[in-house]
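S.K.: The structure's right below; bear with me while I get my questions together.
The values are calculated or read from the model by the stated rules, or taken from the named source; none is laboratory data. Worth saying up front: this structure is predicted, and the values here are computed from it rather than measured. So basically every Cβ, Gly included, is an ideal-geometry build from the backbone, and we count neighbours across all protein chains shown. Accessible surface is based on the protein model in full, side chains and every heavy atom, while ligands, DNA and RNA are left aside. Shrake-Rupley method; radii C 1.70, N 1.55, O 1.52, S 1.80 Å.
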Amino acid sequence: MSIYRHGFARVAGAVPVVRIADPVANAQATVELMRQAATEGAALVVFPEMGLTGYSIDDLVQQDAVIDAALDALATVVAASEGLRPLVAVGLPLVVDAGLYNCAVLLRDGRILGVVPKAFLPNYREFYDKRYFSAARDALADTVTLLGQTVPFGTDLIFDAVDLPGFALHLEVCEDAWVPIPPSTWAALGGATVLANLSGSPVTIGKESYRKSLCTSLSARCIAAYVYVAAGYGESTTDLAWDGDALIAENGGLLTRSTGFATTEQLVVADVDLDRLRQERIRMGSFHDQVGDLKDRLTSLRHIDFEFGDLDLADDDLRRSVARFPFVPADAGDRDERCREVRDIQVQGLAARLRATGIDKIVIGVSGGLDSTLALLVAVDTFDRLGLPRTNILAYTMPGFATGGATLRRAHVLMDSLGVTGAELDIRPSCEQMLADIGHPYAKGEKVFDVTFENVQAGERTSHLFRLANFHGGIVLGTGDLSELALGWCTYGVGDQMSHYNVNTSVPKTLIQYLIRWMISTGQYSQETTDTLAEILDDVISPELVPPGEDGAIQSTEDTVGPYELHDFFLYYLTRFGYRPDKIAYLAGQAWGDRERGAWSELIAPERRNQYDAATIEHWLSTFLKRFMSNQFKRTAMPNGPKIGSGGSLSPRGDWRSPSDASARTWLDQLHGR
């Protein structure tokens, strides 16, 4: 299926090699890149400011020969665009009434759609725009006749694709983006989702990083895509230099960027997510508050409708990176920073809760698995920061019917090496009593390991922890994670779903592994602790509630509910962006369909770099949707805990409010095309 049918739009930035004051040559270079963009399946291609003449043309721009040749060059480009999909934004000088304007012209399929003059003319340092041009505000006309076509003229134009929902384009020229309130800001409030800037922008030291900050911040504040294209090789170096900086940003993130100082033409391409922009704007009520405040100005913006017409013919190969682990940055530096932030949020959350309650002790169950290990490490850091003795952390490992010797040993090593007060409580006698009391077949010697058998153990552990907290004057620190809450993979009420406070409530399973690895890397633990943490990371994720089978295989959570790496992916895109299930499946295919595609963290061994086909993704997405919707009641009653990140909270007091009796049918029907 076409990327456009999944809510994406392919946009491109084109940097030709220009010839100063030679519109004929520049038109040829523009046409070649325009055709290349069409071959790439682009919906939009943006060229630099004054690209048909060269930006650094200086006084030559007022020569009639150049002005006439530029208009002829535009005619060449318009004619060559016939039969092609992309919108094409090109720059040239145009005489309108008695003024000369630095303009961006938007054209498609042999037709001019509109002309946007530069609004703000720089006249400082190396810039002399006011010497040559009139500003947009000086124009009396709001239409212009160009190559026999009468088209809209002004900075107030938004071009709406009637056959691509969410695609609304606004153009501005260079300096327009550098003022406090750019024209594109008004346009975004008025409905524009794709903002494009045709720029000259000679390069100086530090300007590359500034441009990135400028464009990404504009895209974030406007909740939009931003396509920025600066002039490159061939511009005059009499006094300046040009790096041909083309970049595409989306809602604060950089999707792609050209190679600086290239001496050949460049075309950068990326697929912007229109669904994401729409969803973000829906959620941000303050965006619409400002729309209401500025209604009089925004309703005066002019909307020009057009059609692409052939979007189903576009390819299915997505031109943007889709992270396999959306909660975990692939870049080592970014990942370390993320882990530090998560740890600090968890520690501050627990510290504030202890201070507010006046309690200086916690009770925690330590299984020797991932979740309880992270919670224990957070507790240790918290008590260290508060100046409380680690012995006030009362840690209990509670072996049941299926607890393995390795996990039990690791739990003891952790408690001992971290210096907390550790103890072992065997829950099997109390579990056997309860199983006998309720008449469970296991109490009669039958090997029945059903959900009741499992939940009796989970409930006994939680019951012990709460009574221990009463007895010692502490609070129970929860250990369950975000992924388990999403799947309902926790025992409700008197079970691991409940605690007095849970530092892991917003941390997904895939991130927990990296957090523990990062904590190891800080070097704050003894070698004994570090070795044990490494063992925990390498073990199979298991609740250890059912005894091993005849083949000795231990109970595996992922064999039952599916791979956490997929479920965390599904969770992120469902709750963070509200995507349709078939789009989530499509994105999962892009991320997980081929292990050779995309970046992997160096911390994941090659043999653990999984891939999943479409059928497997659809199967586990169906499982996720059913479990997610049917287990809302557990989240409605979840204990307090700090929100960690965007798309990472299921608290009914935070990011996720949902009725407990909603059906999954609508999502399943959409996924399966019913």
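S.K.: Considering the dipole of the range 519-651 built from charges on the beta carbon (Lys and Arg +1, Asp and Glu -1) around the Cα centre, which of Pro543, Tyr579, Asn610 is farthest to its positive end?
M.R.: Of the options given, the answer is Tyr579.
S.K.: Okay, moving on. Per residue of the range 279-290, what does 6.51 cos²θ - 1.76 cosθ + 1.60 with θ = phi - 60° give for ³J(HN,Hα)? Whole Hz please, x for Gly and Pro, Karplus curve as stated.
M.R.: Karplus-based 3J(HN,Hα) across the range 279-290 equals 5, 5, 5, 4, 6, 8, x, 5, 4, 6, 4, 6 Hz.
S.K.: Does the range 514-607 classify as rounded, prolate or oblate by the C-alpha gyration tensor (a ≥ b ≥ c root eigenvalues; a/c under 1.5 gives rounded; else a/b over b/c gives prolate, otherwise oblate)?
M.R.: oblate
S.K.: Do you know the relative contact order of the chain, to the nearest whole percent, from alpha carbon pairs under 8 angstrom that are 6+ apart? Numbers along the way, then the final one.
M.R.: Details: 1339 pairs, mean separation 72.9, N = 674.
So the answer I get is 11 percent.
S.K.: If packing is taken as the mean number of other Cβ atoms within 10 Å per residue, what is the order of 358-368, 57-67, highest first?
M.R.: Answer by packing, highest mean first, reads 358-368, 57-67.
S.K.: When only C-alpha pairs under 8 Å and at least 6 residues apart count, what is the relative contact order of the range 333-474, in percent?
M.R.: Details: 152 pairs, mean separation 33.9, N = 142.
Once divided by the residue count of the range 333-474, the mean separation gives 24 percent.
S.K.: Additional query: Return the long-range amide H neighbours of Leu255 (sequence gap of 5 or more, or a different chain), with a cut-off of under 5 Å between placed amide H atoms.
M.R.: Ile248, Ala249, Glu250
S.K.: Sequence-distant or interchain residues sharing an amide H contact under 5 Å with Ile475, placed H: which?
M.R.: Lys361, Ile362, Val363
S.K.: Sum up the charges of everything whose Cβ sits under 12 Å from the Cβ of Gly419, counting Lys and Arg as +1 and Asp and Glu as -1, but leave Gly419 out.
M.R.: Here the count lands on -2.
S.K.: Let me ask you something else. Short version: ³J(HN,Hα) in whole Hz for each residue of the range 169-177, in order, from phi by Karplus 6.51 cos²θ - 1.76 cosθ + 1.60 (θ = phi - 60°), x for Gly and Pro, what are they?
M.R.: 9, 10, 10, 9, 10, 6, 4, 4, 7
S.K.: Explain nothing, just the number: relative contact order of the range 203-344, from Cα pairs under 8 Å at least 6 residues apart, as a whole percent.
M.R.: Relative contact order here is 16 percent.
S.K.: Trp178 versus Ala637, label points 7 Å from Cα toward the beta carbon: distance in nm?
M.R.: With each label placed 7 Å out from Cα toward Cβ, I get 6.2 nm.
S.K.: Could you provide, to the nearest whole Å², the per residue accessible area of the chain with probe 1.4 Å?
M.R.: Counting only protein heavy atoms, the per-residue value for the chain is 41 Å².
S.K.: Now for a separate question. Relative to the present Cα-Cα distance, how much length would full extension add between Thr145 and Ala241 at 0.36 nm per residue of separation?
M.R.: Between Thr145 and Ala241, full extension yields 31.0 nm more.
S.K.: So, one more: Rounded if a/c is under 1.5, else prolate if a/b beats b/c, else oblate: with a ≥ b ≥ c from the C-alpha gyration tensor eigenvalues square-rooted, which is the range 564-631?
M.R.: In terms of gyration-tensor shape, prolate.
S.K.: Compare Ile516, Ile282 by solvent-accessible area with a 1.4 Å probe and give them largest first, with all protein chains kept in place.
M.R.: Sorted by accessible area, descending: Ile282, Ile516.
S.K.: Give me the percent of the accessible area of the range 260-404 that comes from carbon and sulfur atoms, probe 1.4 Å, all protein chains in place.
M.R.: C and S fraction of accessible area: 46 percent.
S.K.: Once Lys and Arg get +1 and Asp and Glu get -1 on their Cβ, which of Ser56, Gly83, Ala98 lies farthest toward the positive end of the dipole of the range 46-104?
M.R.: Ranked along the dipole, the leading option is Gly83.
S.K.: For the range 246-280 and the range 106-144, what is the centre-to-centre distance using only Cα atoms, to the nearest Å?
M.R.: 24
S.K.: Right, another one. What ranking do 439-449, 169-179, 20-30, 517-527 get when scored by the average of other Cβ atoms within 10 Å per residue, highest first? Please list the in-between numbers first.
M.R.: Numbers: 439-449: 12.6, 169-179: 24.5, 20-30: 21.5, 517-527: 14.2.
Highest-to-lowest ranking by the protection proxy: 169-179, 20-30, 517-527, 439-449.
S.K.: Between Arg609 and Lys212, what FRET efficiency follows from the Cβ-Cβ distance if R0 is 25 Å, with the result rounded to 0.05? Numbers along the way, then the final one.
M.R.: Numbers: r = 31 Å, r/R0 = 1.23.
Taking R0 as 25 Å, the efficiency between Arg609 and Lys212 is 0.25.
S.K.: Give the carbon-plus-sulfur fraction of the accessible surface of the range 527-642 in %, rounded to a whole number; probe 1.4 Å, heavy atoms of protein chains only.
M.R.: That fraction is 47 percent.
S.K.: Once phi is turned into ³J(HN,Hα) by the Karplus curve 6.51 cos²θ - 1.76 cosθ + 1.60 with θ = phi - 60°, what whole-Hz value does each residue of the range 326-333 show in order, with x for glycine and proline?
M.R.: x, 8, 10, x, 6, 5, 4, x
S.K.: At 0.36 nm per residue, minus the direct Cα-Cα distance, what do Tyr492 and Asp384 gain on full extension? Give it in nm, one decimal, please.
M.R.: Computed gain between Tyr492 and Asp384 is 35.7 nm.
S.K.: Using amide H atoms built 1.01 Å from N in the peptide plane, name the residues 5+ places from Gly114, or on other chains, whose amide H lies under 5 Å from its own.
M.R.: Placed amide hydrogens put Leu106 under 5 Å from Gly114.
S.K.: Counting Lys and Arg as +1 and Asp and Glu as -1, each charge on the Cβ, what is the dipole of the range 235-366 about the Cα centre in debye, to the nearest 20? Let's see the in-between values first.
M.R.: Values: 18 positive and 27 negative charges, 255 e Å.
Charge dipole of the range 235-366: 1220 debye, to the nearest 20.
S.K.: What FRET efficiency do you get for Ala262 and Tyr128 if R0 is 30 Å and r is their Cβ-Cβ distance, rounded to the nearest 0.05? Working shown, then result.
M.R.: On the way: r = 27 Å, r/R0 = 0.89.
After rounding to 0.05, the efficiency reads 0.65.
S.K.: Set the Förster distance to 25 Å, then compute FRET efficiency between Asp289 and Ser658 from the Cβ-Cβ distance, nearest 0.05.
M.R.: Plugging the Cβ-Cβ distance into 1/(1 + (r/R0)^6) gives 0.50.
S.K.: Express the carbon and sulfur contribution to the solvent-accessible surface of the range 187-259 as a percent, rounded to the nearest whole number, probe 1.4 angstrom.
M.R.: 52
S.K.: Here is a follow-up. Out of these labelled values of Cα extents along the principal axes in Å, (1) 89, 70, 58; (2) 106, 94, 52; (3) 99, 55, 49, which was calculated from the coordinates shown here?
M.R.: Only one listed value fits the structure, namely (3).
S.K.: Is the shape of the range 38-92 rounded, prolate or oblate, going by the alpha carbon gyration tensor and its root eigenvalues a ≥ b ≥ c, with a/c under 1.5 for rounded and a/b larger than b/c for prolate?
M.R.: oblate
S.K.: For the chain, with only Lys/Arg (+1) and Asp/Glu (-1) charged at the beta-carbon, what is the dipole magnitude about the Cα centre, in debye rounded to 20? Numbers along the way, then the final one.
M.R.: Numbers: 61 positive and 87 negative charges, 382 e Å.
In debye, rounded to 20, the chain gives about 1840.
S.K.: OK, next. Please give the length that would be gained between Gln527 and Arg674 if that part of the chain were fully extended, namely 0.36 nm times their separation in residues minus their C-alpha to C-alpha distance (nm, one decimal).
M.R.: Gain on stretching Gln527 to Arg674: 47.3 nm.
S.K.: In degrees between 0 and 90, to the nearest 10, how far off the longest principal axis of the chain does helix 527-538 point, with axes built from Cα atoms?
M.R.: Approximately 70 degrees, to the nearest ten.
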